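Working notes, beginning with the structure itself.
The values are calculated or read from the model by the stated rules, or taken from the named source; none is laboratory data. Since this is a predicted model, take the numbers as computed values, not measurements. Glycine also receives a Cβ, built like all others from the backbone with ideal geometry; neighbour counts cover every protein chain displayed.
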Amino acid sequence: MKTKPERLFLLISLDKSFSYTDATTFTVMERLRIANVLAFDQHFVQYGFNPLTLEKQQARKPSPCP
């Protein structure tokens, strides 16, 4: 019997270049209902997580008063 990360890896690795570590991380993040991610590769975005970027964080901060 395969674990969920193993099944996910077998399913998505046919189409994408996701690693087993990616599949395990995706499974844990889904289980913990984590939607936002700070990552340096596009696999998390391709899988459907919301990327947190420096640009987004800076856009949320109000600009300092002159």
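Below are the figures for this structure:
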item: Number of positions in segment 21-51 that are among the polar types (S, T, N, Q), loosely packed, with under 14 Cβ neighbours inside 10 Å and part of a helix (DSSP H, G or I); result: 1
item: Count of residues meeting criterion [in a helix (DSSP H, G or I) and modelled with pLDDT of 60 or more] in segment 52-66; result: 2
